[in-house]
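First up is the structure itself, then whatever we jot down about it.
The values are calculated or read from the model by the stated rules, or taken from the named source; none is laboratory data. Values in this document were obtained by computation on a predicted structure and should not be read as measured data. Note that each Cβ is placed from the backbone with ideal geometry, even for glycine, and that neighbours are counted across all protein chains shown.
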Amino acid sequence: MYELKITSQFAAAHQLRDFHGKCERLHGHNWKIDVHVKGEKLGKDGMLIDFSLIKKATERALDELDHNFLNELEYFKTVNPSSENIARYIYKSLEKKINNEKIRVGRVTAWESDTACATYLGP
């Protein structure tokens, strides 16, 4: 099994619902996003997938979030915009863009700070 990883980032604001503490107030983060893609076999070129394809798909997914108030986006009107749910949202978006018979998204990690992150693992 091979696994590739790219790292990207986006900035956005959010408020956590049903949370008692500072994070229930409007605040923002510069999220760092790690995307892991995995597969069993390399192509004739010796690669699983070109990194640029993973980066482009991730950029498109993050463009939907970047410099937005997440609570106002359709998905997050009913789903709390926690780091856990942000990681899942990005994973599900990339799954549609990347997964095929050869490769699939393995996990997405959303870092809300240098010391705190949440990871969504695929099946």
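Some points to look at:
- Candidate set: the range 107-123, residues that are of a type in the set (Gly, Ala, Ser), surrounded by fewer than 18 Cβ atoms within 10 Å (Cβ to Cβ) and part of a strand (DSSP E or B); chosen: the one nearest to the chain's Cα centre (by Cα): 118
- Checked against the criteria, residue 92 counts as farther than 23 Å from residue 42 by Cβ and not in a loop (DSSP other than H, G, I, E, B).
- Cβ-Cβ under 7 Å pairs, at least 6 apart or on other chains, the range 65-82 side at negative phi and among the hydrophobic types (A, V, I, L, M, F, W, C), far side modelled with pLDDT of 95 or more and part of a loop (DSSP other than H, G, I, E, B): 70/81
- Exactly one residue out of 11, 57 is among the small types (Gly, Ala, Ser), at pLDDT 95 or above, within 16 Å of the chain's Cα centre (by Cα) and surrounded by 14 or more Cβ atoms within 10 Å (Cβ to Cβ): that is 57.
- The range 20-50: number of residues that are surrounded by 11 or more Cβ atoms within 10 Å (Cβ to Cβ), without any contact (Cβ under 8 Å) to a residue 12 or more places away in the chain and farther than 27 Å from residue 123 by Cβ: 2
- Across the range 26-45, not a single residue is classified as modelled with pLDDT under 95, touching an Asp or Glu at 6+ places or on another chain (Cβ under 9 Å) and closer than 23 Å to residue 114 by Cα.
- Some residue of the range 76-88 being over 14 Å from the mean Cα position of the chain (by Cα), buried (at least 18 other Cβ atoms within 10 Å of the Cβ) and farther than 26 Å from residue 115 by Cα: no
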